[in-house]
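Each remark here refers to the structure printed beneath this line.
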Amino acid sequence: MRRIRLMIVFVLAVFVAPTFATAGWWSMLDRPGSWRSADWSSSGVLPAAPATEEAAIYVMAARTGGMKGALAVHSWLVVKRPGSAAYERYDKVGWGSPIRRNAYAADGRWYSNVPWVVRSVGGAEAERLIPKVERAIAEYPYSHPGDYRLWPGPNSNSFVAHVLRETPELGATLPPNATGRDFAPGFASFDIAPDGQDVHATLGGLVGFAVGARSGFEIHFLGLVAGVDFARPALKIPAYGRVNLLPDN
């Protein structure tokens, strides 16, 4: 009984309390009432594509709409080929054809929420990795109508997480509040990244853990993530996201 009580206290303190606190903060913010009234325009976060002849890859994220935004972000991928005057954006959505290409501005707001760059790679390294990224996009197994489930996945974040796992050279992990990123088919899954730098285990995307050079140490519970990033020192707070422990350079 003592162990059960300790486990309950742990879950309440580490997962439930931060989630309710974040939901309270989110409920006080001004938000659009529906997707029709939301702003989906370019945020200006990315430079104009013609500004550079170099290739580039961006992993983007923004809070999603409604009260879901208290718990989760939506993520997507942006690719710029060398010499191209345009970006190419890839999202997975829950309606119509799941994998969308250029359905929105590359750095467009998501339900009026300004996105940020989770990870960027440029120059010769981006040029080398673009074919691998596009191959991972083409091979995503949940790319057909009906292959979308809000929770625990596969959803928009499951799609981007798949590409990042298949392209470890990007050195990226999705934010801890990218709900669905830890989805895996079947009841139990144990996965070692292709470069051996991360280990991920999950029971149906509901309970699990991740540990490694990119992930740091994470505990997963019902789509919520708590943990520590050692490479880029930060706390991973359920629902809220990352709290950096060092100032950005």
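Where a number appears in this text, it was derived from the coordinates with a stated rule and is not lab data. Since the model is a prediction, treat every value here as computed from it, not as a measurement. Here the Cβ is made from the backbone with ideal geometry for all residues, glycine too, and neighbour counts use every protein chain on show.
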Excluding residues fewer than 8 places away in the same chain, name every one of the lysines whose C-alpha is closer than 28 Å to that of Lys80. Lys92, Lys132
Taking a straight Cα-to-Cα line shorter than 19 Å from Lys236, and setting aside same-chain lysines fewer than 8 residues away, one finds Lys68
For Leu246 and Ala85, what does the FRET efficiency come to when R0 = 25 Å and r is the distance between their Cβ atoms, rounded to the nearest 0.05? 0.10
Can you sort Glu54, Glu139 so the residue with the fewest Cβ neighbours within 10 Å comes first? Glu139, Glu54
Once Lys and Arg are counted +1 and Asp and Glu -1 for all other residues with Cβ under 15 Å from that of Val93, the total becomes +4
Taking only Cα atoms and a 10 Å spring cutoff, compute GNM fluctuations for the chain and point out the largest among Ala51, Ala126, Ala226. Ala51
How many nm separate the modelled label positions at Phe187 and Leu150, each set 7 Å beyond the Cα in the direction of the Cβ? 2.7
Report the Stokes-Einstein translational diffusion coefficient (µm² s⁻¹, integer) for the stretch 64-167, Rh taken as the Kirkwood radius over Cα pairs, at 10 °C with viscosity 1.306 mPa s. 110
Those trypsin sites (Lys or Arg not before Pro) from the stretch 7-100 that are DSSP loop and have at most 10 other Cβ neighbours within 10 Å turn out to be Arg36
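Calculate, for Arg128 and Met1, the FRET efficiency according to 1/(1 + (r/R0)^6) with r their C-beta to C-beta distance and R0 35 Å; round to the nearest 0.05.
E(calc), rounded to 0.05, equals 0.05.
What is the order of Ser215, Ser112, Ser41, fewest Cβ neighbours within 10 Å to most? Display every interim value, and only then the final one.
Numbers: Ser215 23, Ser112 19, Ser41 12.
Listed from fewest to most nearby Cβ atoms, that is Ser41, Ser112, Ser215.
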When the dipole is taken about the Cα centre of the chain, and only Lys, Arg (+1) and Asp, Glu (-1) are charged at their Cβ, what size is it in debye, to the nearest 20? 760
Using a 10 angstrom cutoff on alpha carbons, build the Gaussian network for the chain and name the most mobile of Ala188, Ala239, Ala178. Ala188
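Which of Met60, Met28 comes first, and how do the rest follow, when ranked by fewest Cβ neighbours within 10 Å?
Ascending Cβ contact count within 10 Å gives the list Met28, Met60.
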With Cα springs under 10 Å, the Gaussian network model of the chain assigns the largest mean-square fluctuation among Asp30, Asp195, Asp91 to Asp30
